[in-house]
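One structure is given here, and the rest of the page talks about it.
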Amino acid sequence: DVKVTQSSRYLVKRTGEKVFLECVQDMDHENMFWYRQDPGLGLRLIYFSYDVKMKEKGDIPEGYSVSREKKERFSLILESASTNQTSMYLCASSMTSATGELFFGEGSRLTVL
Amino acid sequence: AQSVTQPDIHITVSEGASLELRCNYSYGATPYLFWYVQSPGQGLQLLLKYFSGDTLVQGIKGFEAEFKRSQSSFNLRKPSVHWSDAAEYFCAVGDNFNKFYFGSGTKLNVKP
């Protein structure tokens, strides 16, 4: 069965801390994505990657960076966490195909105090 | 620019009643359309997708959706709702560059 695993379901961090959110997929997918989900706003794309070491900004990249050193792993980094980054973060992957659907992890709920 | 609109934020239906969730999209080319469902505390699960061909597509859990190009719509339907269908539903459009655009979601409440 296909699987996207996000290492932390719940995190509580303090303002200014560096935060790493890890995501691993076991489907050999080329594309990986990080979304942020907030009530009433749906899912907003932060970054995506279509190959190892490749990344592209999504709609809301400010305050975030990403790393993709291996095909199966895509990390989201908050260099200096702020309270407005309190949110649910969803990782997803897909094949390189215009018809490739997204497979999602269960999400990481981050609270920044 | 691509966009997806789900005009209903919350919908409440009685168990056994029919359901229709609305989705309108804005996209310049042939859209790839998806409906996802999210149960509380979970990630998103694909219900169904449309790429081409028959404009009425069947999905899992008894859901179907109809693509209407003239109305730029892709509404989700189910003839008889079950209590387990209570969740949040997201419509999405995919482009040729492997990017996906999501609506803001519709929360479905099912009355016993």
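None of the figures in this text is laboratory data; all of them are computed from the coordinates on show. From a predicted model like this one, the values you see are computed outputs, not experimental measurements. Cβ placement follows ideal geometry from the backbone for every residue including glycine, while neighbour counts extend to all protein chains displayed.
Among the residues making up the range B:67-90, those that are of a type in the set (Gly, Ala, Ser) and within 19 Å of B:Asp54 (Cα to Cα) are B:Ser70, B:Ser72, B:Ser73. Could you check, for the range B:68-86, whether at least one of its residues is within 14 Å of another protein chain (Cβ to nearest Cβ) and either more than 28 Å from A:Glu56 (Cα to Cα) or of a type in the set (Asp, Glu) (or both)? No; the residues of the range B:68-86 include none that is within 14 Å of another protein chain (Cβ to nearest Cβ) and either more than 28 Å from A:Glu56 (Cα to Cα) or of a type in the set (Asp, Glu) (or both). The residue that is nearest to the other protein chains (Cβ to nearest Cβ), among those in the range A:85-101 that are touching a residue at least 40 places away in the same chain (Cβ under 8 Å), hydroxyl-bearing (Ser, Thr, Tyr) and under 16 Å from A:Arg36 (Cβ atoms), is A:Tyr89.
A count restricted to the range B:64-112 and to residues that are under 24 Å from A:Asp38 (Cα atoms), in contact (Cβ under 8 Å) with a residue 60 or more places away in the chain and assigned to a strand (DSSP E or B) stands at 14. If you filter the range A:53-84 down to residues that are touching a residue at least 40 places away in the same chain (Cβ under 8 Å) and among the polar types (S, T, N, Q), you find that the one that is farthest from the other protein chains (Cβ to nearest Cβ) is A:Ser80. Considering B:Lys61, B:Lys49, which residue is part of a helix (DSSP H, G or I), of a type outside the set (A, V, I, L, M), touching a residue at least 12 places away in the same chain (Cβ under 8 Å) and within 29 Å of A:His29 (Cβ to Cβ)? Of the residues listed, the single one that is part of a helix (DSSP H, G or I), of a type outside the set (A, V, I, L, M), touching a residue at least 12 places away in the same chain (Cβ under 8 Å) and within 29 Å of A:His29 (Cβ to Cβ) is B:Lys61. Whether any residue in the range A:70-87 is under 16 Å from B:Tyr101 (Cβ atoms) and surrounded by 16 or more Cβ atoms within 10 Å (Cβ to Cβ) is what I want to check. Among the residues of the range A:70-87, not one is under 16 Å from B:Tyr101 (Cβ atoms) and surrounded by 16 or more Cβ atoms within 10 Å (Cβ to Cβ), which makes the answer no.
Scan the range B:22-45 and give yes if some residue there is among the charged types (D, E, K, R), outside any loop (DSSP other than H, G, I, E, B) and surrounded by fewer than 17 Cβ atoms within 10 Å (Cβ to Cβ), otherwise no.
no
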